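Notes follow the structure.
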Amino acid sequence: METPRVEAGVVEACRRGDRDAFRVLFEAYKDRVYSIALHYSGNEVAAHDIAQDVFVKLFKAMRRFRGDSSFDTWLYRMVVNACTDAYRRTRKWVAMGDEWSSVPDPHREPMEDRLQRRMVQAAVQKAVQRLSPRLRMPVVLRYVQGLSYDEIARALGCSKGTVASRLNRAHKQLARRLAHLEETGERRDV
């Protein structure tokens with residue numbers, strides 16, 4: 001998934017308080033911010049609240065953006081912080097939305113296969129939701145948003161090695177939690 005980029009002039013205009021430029025910025029990033037929030041929280045209402053919180057904070061903080069990092073990295077950091085804050089406030093999350101992966105054409109896939117795929121998706125979503133927030137956010141940023149390890153490290157404010165370590169731990173936990181799918185699939189194929 002390609003990261004939206006806005007021209008430096010739009011960011012600079014936002015820093016000067018130009019509301020029209022902020023609308024351009026909002027339009028360019030609203031779907032991305034909402035998507036991260038939704039995949040992290042698993043709740044549409046919470047995702048809307050998180051996204052709204054991010055853009056309110058962004059509007060207030062634009063004058064402080066110095067350009068030490070890319071605007072994208074700075075914004076991702078705000079989203080990560082907003083997700084973490086929301087998690088701390090509520091400490092309860094529901095299963096992730098159906099947007100986790102694309103849905104193939106139902107006319108080309110047998111009903112049994114569609115049902116099996118949906119069951120696997122639900123199990124994966126539930127397993128990801130059970131990860132600690134420390135492990136869940138790198139998974140969302142890597143596999144849902146398609147960010148590189150460097151981009152994730154900048155967004156999370158940690159080293160690339162820490163990102164790799166967290167993803168490795170998440171992979172191991174997910175593999176343990178989803179091992180039953182492989183066993184079920186083997187029995188089904190026999």
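Each reported figure results from applying straightforward, stated rules to the coordinates on display, with no laboratory input. Every value quoted in this text rests on a predicted model; they were computed, and no experiment measured them. Note that each Cβ is placed from the backbone with ideal geometry, even for glycine, and that neighbours are counted across all protein chains shown.
To the nearest 0.05, how large is the calculated FRET efficiency for C158 and Q116 if R₀ is 30 Å and r is the Cβ-Cβ distance?
Calculated transfer efficiency: 0.20.
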Residue separation times 0.36 nm, minus the C-alpha to C-alpha distance between R134 and D85: what's the value? 16.4 nm
Starting from the Cα of R176, step 7 Å along the direction of its Cβ; do the same at R64; then give the gap between the two resulting points in nm. 3.9 nm
Hz values of 3J(HN,Hα) by residue in the stretch 138-146 - Karplus curve (6.51, -1.76, 1.60), Gly and Pro given as x: x, 5, 5, 5, 7, 9, 9, 8, x
Cα-Cα longer than 28 Å, checked against K57/K126; K30/K160; K30/K172, kept in input order, equals K57/K126; K30/K172
Loop-located GluC sites (Glu not before Pro) in the stretch 1-79, at most 10 other Cβ atoms within 10 Å (DSSP): E2
